[in-house]
1. Quick check on the range 157-199: of everything there that is modelled with pLDDT under 85 and not in a loop (DSSP other than H, G, I, E, B), which residue is nearest to V239 (Cα to Cα)?
2. Quick one: R231 ticks every box in (1) open to solvent by 60 Å² or more (accessible area, probe 1.4 Å); (2) of a type outside the set (G, A, S); (3) in a loop (DSSP other than H, G, I, E, B) bar one, so which box is it?
3. Taking the range 197-217, which residues are open to solvent by 10 Å² or more (accessible area, probe 1.4 Å) and either touching a Cys at 6+ places or on another chain (Cβ under 6 Å) or in contact (Cβ under 8 Å) with a residue 40 or more places away in the chain (or both)?
4. Look at L191 and say whether it is without any contact (Cβ under 8 Å) to a residue 24 or more places away in the chain, open to solvent by less than 40 Å² (accessible area, probe 1.4 Å) and under 24 Å from the mean Cα position of the chain (by Cα).
5. Scan P363, P387 and give me the residue that is in a loop (DSSP other than H, G, I, E, B), surrounded by fewer than 14 Cβ atoms within 10 Å (Cβ to Cβ) and free of Cβ contacts under 8 Å to residues at least 40 places away in the same chain.
6. Residues in the range 201-208: is at least one of a type in the set (V, I, T) and in contact with a strand residue (DSSP E or B) (Cβ under 7 Å, 6 or more places away or on another chain)?
7. Say whether the condition of being acidic (D, E), at pLDDT 75 or above and surrounded by fewer than 19 Cβ atoms within 10 Å (Cβ to Cβ) is met by at least one residue in the range 262-274.
8. In the range 123-142, what residues are small (G, A, S) and over 20 Å from C184 (Cβ atoms)?
Amino acid sequence: MDTIQKHFKSIEKVPVNEIPPDDDGRDGDEMDRISDMPNEILCHILSFLPTKYAVATSILSTKWKNLICFIPNLRLHLDDSILLNQQTPSSTNLISFMNFVNRLLNVTLSDVPSINAFCLICQNLSDGLCISNWVSAAIRLNAKRIDLRVRHLKNANALFDSLYGCKIVSLNLFLYFVDHNLECRFNLPNLKILSIQFMKYKESNVLLEGCPMLEYLLVYNCYCYPGDILRICIPSLKVLKLVNDFYCLEGKIELEAPKLEELNYRGFLANRYLAKNLKCLQIAQLDLDQSISQYPFEFNEFASELIKVCSNVVKLFLSEKIIIMFQLLPHLLPRFPNLVTLAVKKMNSSGWQLLPSLLECAPNLKNLLIKDGFDMECFENFKDSLPESLSINLSQRGEKGFLLEICREPRTIEPDKIHWESCLIGTNKESISQ
């Protein structure tokens with residue numbers, strides 16, 4: 001619940017309704033210098049205010065009236081927990097909030113050709129029918145980006161119906177469903193960016209199937225029943241970020257993304273990974289810093305499945321815990337033929353012990369970045385243990401960590417061997433045998 005509350009918490013603060021004292025003793029009839037500014041500057045100032053307060057400025061003077069309609073790239077941020085009057089009962093404030101949003105979307109902004117973004121945060125309001133009407137209004141205003149965070153959503157099907165077929169390019173959904181039997185349908189043909197948080201695998205799969213042009217996907221703490229599969233099969237996907245909590249332990253993840261370039265995986269390991277057609281994967285970040293004692297199964301085997309998915313990357317980031325898991329593997333590490341840069345979040349004794357195997361499995365590795373835990377004595381001992389054909393030097397040290405450069409000398413053939421092999425050129429087997 002603390003995590004959910006953190007995501008719902010608004011960063012905006014309610015200004016105190018106090019009139020500042022007059023420092024110089026002059027009366028209130030002096031010139032209003034702010035209102036004398038050009039409309040372009042006033043609109044720029046309003047763009048930094050929460051929507052409620054930006055609209056409330058219309059009562060200051062006739063010049064401020066409906067000035068919000070002329071804000072370029074208008075971003076609406078509506079939060080039912082932001083109260084203009086903190087002394088009013090919560091039920092009255094909720095009704096006031098609903099009336100405010102209805103008038104804003106259907107009257108005040110009715111002639112606005114488009115808005116850049118529509119963000120709705122509902123910690124108290126749960127009616128999906130009401131929310132779906134606001135979403136439909138935002139779509140009529142040609143909103144490009146929609147962000148919906150609803151704590152206890154009822155009538156979720158109505159909300160999904162309002163999104164069906166719209167032309168938005170970015171969508172963030174943080175929905176905690178009250179309904180248990182959802183039959184949602186989803187189709188967003190132009191969507192490029194999607195973030196889904198705290199949703200079941202079943203509903204997540206429906207959403208992903210309806211996004212054929214998706215390029216960026218964040219799946220944050222979605223949960224499942226034992227045996228459920230999260231299917232991420234998107235031909236256009238380029239960036240995937242997976243953050244898994246404890247509730248995904250008995251689930252499976254199926255991944256097929258032929259254009260995927262970057263994979264960022266954090267949290268707990270899933271039960272199984274089924275990955276194919278990841279030929280374009282260039283960057284992978286595996287940050288498994290949860291306590292390994294919390295895994296009720298053979299976690300090292302599942303870590304092995306995950307690392308195989310990343311075997312063709314050019315850049316690889318590993319956390320401390322996944323290095324420990326690799327060290328416990330009963331078989332050799334997979335090869336990393338394209339790996340050039342390896343970053344380690346925290347180097348410990350397990351990391352120094354695993355490093356020779358990593359160097360052997362990654363013949364093209366040139367850069368090793370250690371962000372934390374660098375030990376000069378361990379480094380010197382490791383450096384002395386390397387063969388003559390391999391050297392490692394400390395290149396840079398700074399706030400980002402320690403950068404080590406790895407140099408491999410080209411394999412040379414001894415002179416006697418060169419002469420012997422040159423003698424064999426053009427010689428048949430019979431002459432050799434004689």
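The values are calculated or read from the model by the stated rules, or taken from the named source; none is laboratory data. On a predicted model such as this, the values are computed, not experimentally measured, just so you know. We place every Cβ from the backbone using ideal geometry, glycine too, and count neighbours over all the protein chains shown. Heads up: the accessible areas ignore ligands, DNA and RNA and are worked out on the full protein's heavy atoms, side chains in. Shrake-Rupley method; radii C 1.70, N 1.55, O 1.52, S 1.80 Å.
1. Y176
2. (3)
3. Q197, F198, V206, listed by residue number.
4. In short, yes.
5. None of the other options fit; the residue is P387.
6. So the first thing to find is which residues in the range 201-208 are of a type in the set (V, I, T), and the list is 206.
Retained after the next criterion (residues that are in contact with a strand residue (DSSP E or B) (Cβ under 7 Å, 6 or more places away or on another chain)): none.
No, because not a single residue in the range 201-208 is of a type in the set (V, I, T) and in contact with a strand residue (DSSP E or B) (Cβ under 7 Å, 6 or more places away or on another chain).
7. Yes, because at least one residue in the range 262-274 is acidic (D, E), at pLDDT 75 or above and surrounded by fewer than 19 Cβ atoms within 10 Å (Cβ to Cβ).
8. The one that is small (G, A, S) and over 20 Å from C184 (Cβ atoms): A137.
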